[in-house]
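Enquirer: Take this structure first; my questions come after.
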Amino acid sequence: MAISLAELVARQPVLLAPMAGITDLPFRRLVARFGAGLVTSEMVASRELLGAAAAARARAELAGGARPAAVQIVGREAAVMAEAARLCVDQGAELIDINMGCPARKVTGGLSGSALMRDPDHALRLIEAVVAAVPVPVTVKMRLGWDDTSRNAALIARRAEAAGVAMVTIHGRTRCQFYSGRADWAAIAEVVRAVTIPVVANGDITDAASARAALSASAAAAVMVGRAARGAPWILARIAAGLAGGTVPAAPSGDALCDLISEHYEEMLRFYGTEIGLRVARKHLGWYLAPLGMEALRAELVRLEDPARVLAGLRRGFSELEAAA
Ligand SMILES: Cc1cc2nc3c(=O)[nH]c(=O)nc-3n(C[C@H](O)[C@H](O)[C@H](O)COP(=O)(O)O)c2cc1C
């Protein structure tokens, strides 16, 4: 039975944003364990996926992850994207998200990601091809438009809905803004008015107060959180509890946090293998430790090549932190 995204976001209206290099399977599992409406894979280049590039397959990896299993694909050729979507569904994807928001020159230069917003007719051909190719819900993530003179998210969302798209997420910036300024949540309201499918508001949401403000300004059905989840996989659950007016679970601290970081670390090494895992894990260690003022420990740990020494150093660092408290 197809998932009802309206029901899903009504149950838990805080979703994890896909983030390349961050929301891999180990991180998504962790976020889902604390609680999230939906967690989506990092973007996967459709062409690489079909070319069986190992890294692309790892990015789309779903085994044992959160349900519904969602994969985001990026690309610019209808047939290739449709084939990539089919492959993801064969591997267990229960939802396919199309990336029409990535501002990176590497992606827009290939006329993918947010560049698709400059050519709505072409974007629609891709969307139609993907919708026709798979029996699961297809969603689209985009920005407000390419630049301030072409804010066409509402128009594209309306056409996407007519083509069978089940939900759209809008990052409240234009492509040309990249990450500058503030996300314009009120501008998302125009998209909400244009469609009947759920709209998700994204950009600069970091806590329950900003989530509430984004929902109120946009009238969106849900919010999506990206950067605030780095080093804080529990934050979506805290935001959701805050929105629901319930008891907000405490963020893990002390030994519980040390256990969590260690577990995440070991998962990354298992998932990527030691060599790549060590590199990927360094970023996450930084995000966990910086807010605790453990910069010196981070600097020490990221130089180590032996995972056992990293884990021992982490344990020692947390003991010292507790002793100093
Ligand atoms: C490092 C990084 C990687 C990202 N990768 C993706 C991606 O793969 N697909 C996508 O649709 N958006 C991607 N984004 C954009 C986020 O999903 C989100 O739209 C943006 O960060 C704004 O939300 P935030 O303010 O909550 O971070 C990425 C953002 C960052 C910072």
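The values are calculated or read from the model by the stated rules, or taken from the named source; none is laboratory data. For clarity, every value in this text was computed on a predicted model and none was experimentally measured. In this analysis, Cβ positions are derived from the backbone assuming ideal geometry, glycine residues included, and neighbour counts consider all displayed protein chains.
Enquirer: Given the criteria among the hydroxyl-bearing types (Ser, Thr, Tyr), crowded, with 18+ Cβ neighbours inside 10 Å and more than 27 Å from residue 179 (Cα to Cα), does residue 265 qualify?
Expert: For residue 265, the condition - among the hydroxyl-bearing types (Ser, Thr, Tyr), crowded, with 18+ Cβ neighbours inside 10 Å and more than 27 Å from residue 179 (Cα to Cα) - is met.
Enquirer: Quickly run through the range 76-100 and pick out the residues that are assigned to a loop (DSSP other than H, G, I, E, B), of a type in the set (Gly, Ala, Ser) and surrounded by fewer than 19 Cβ atoms within 10 Å (Cβ to Cβ).
Expert: Scanning the range 76-100 gives a single hit, 92.
Enquirer: Among the residues of the range 67-81, how many are under 23 Å from residue 159 (Cβ atoms), more than 14 Å from the ligand (Cβ to nearest atom) and of a type in the set (Gly, Ala, Ser)?
Expert: Final tally of qualifying residues: 2.
Enquirer: Then there's this: Being surrounded by fewer than 17 Cβ atoms within 10 Å (Cβ to Cβ) and of a type in the set (Asp, Glu) is the requirement here; does residue 42 meet it?
Expert: Judged against the criteria, residue 42 is not a match.
Enquirer: Being basic (Lys, Arg) and crowded, with 23+ Cβ neighbours inside 10 Å is true for just one of 158, 143. Which residue is that?
Expert: 143
Enquirer: Still on this structure, please answer the following. Assess whether residue 84 counts as being more than 9 Å from the ligand (Cβ to nearest atom), among the small types (Gly, Ala, Ser), assigned by TED's automatic domain parsing to the domain that holds residue 174 and under 16 Å from the mean Cα position of the chain (by Cα).
Expert: So residue 84 fails the test.
Enquirer: Look at the range 226-250 and say how many of its residues are β-branched (Val, Ile, Thr), surrounded by fewer than 17 Cβ atoms within 10 Å (Cβ to Cβ) and touching a residue at least 12 places away in the same chain (Cβ under 8 Å).
Expert: The total comes to 1.
Enquirer: Between a first residue in the range 195-213 that is free of Cβ contacts under 8 Å to residues at least 60 places away in the same chain and part of a loop (DSSP other than H, G, I, E, B) and a second residue that is of a type in the set (Phe, Trp, Tyr) and more than 9 Å from the ligand (Cβ to nearest atom), which pairs have beta carbons less than 6 Å apart while being 6 or more apart in sequence or on different chains?
Expert: none
Enquirer: Select, from 60, 56, 66, the only residue that is small (Gly, Ala, Ser), touching a strand residue (DSSP E or B) at 6+ places or on another chain (Cβ under 8 Å) and buried (at least 22 other Cβ atoms within 10 Å of the Cβ).
Expert: Of 60, 56, 66, the one residue that is small (Gly, Ala, Ser), touching a strand residue (DSSP E or B) at 6+ places or on another chain (Cβ under 8 Å) and buried (at least 22 other Cβ atoms within 10 Å of the Cβ) is 60.
Enquirer: Give the residues of the range 101-111 that are within 11 Å of the ligand (Cβ to nearest atom), outside any helix (DSSP H, G or I) and in contact (Cβ under 8 Å) with a residue 12 or more places away in the chain, sorted by residue number.
Expert: Hits for the range 101-111 are 101, 102, 103.
Enquirer: Scan the range 112-129 for residues that are within 15 Å of the ligand (Cβ to nearest atom) and surrounded by fewer than 24 Cβ atoms within 10 Å (Cβ to Cβ) and jot them down.
Expert: Correct list: 115, 123.
Enquirer: Something else now. Among the residues of the range 166-194, what is the count of those that are assigned to a loop (DSSP other than H, G, I, E, B), within 14 Å of the ligand (Cβ to nearest atom) and either in contact with a strand residue (DSSP E or B) (Cβ under 9 Å, 6 or more places away or on another chain) or not polar (S, T, N, Q) (or both)?
Expert: Within the range 166-194, residues that are assigned to a loop (DSSP other than H, G, I, E, B), within 14 Å of the ligand (Cβ to nearest atom) and either in contact with a strand residue (DSSP E or B) (Cβ under 9 Å, 6 or more places away or on another chain) or not polar (S, T, N, Q) (or both) number 9.
Enquirer: How many of the residues in the range 316-325 are surrounded by 15 or more Cβ atoms within 10 Å (Cβ to Cβ) and modelled with pLDDT of 95 or more?
Expert: Looking only at that region, the number is 2.
Enquirer: Regarding residue 229, is this residue within 21 Å of residue 6 (Cα to Cα), modelled with pLDDT of 95 or more and either in the same structural domain as residue 37 (by TED's automatic domain parsing) or more than 13 Å from the ligand (Cβ to nearest atom) (or both)?
Expert: no
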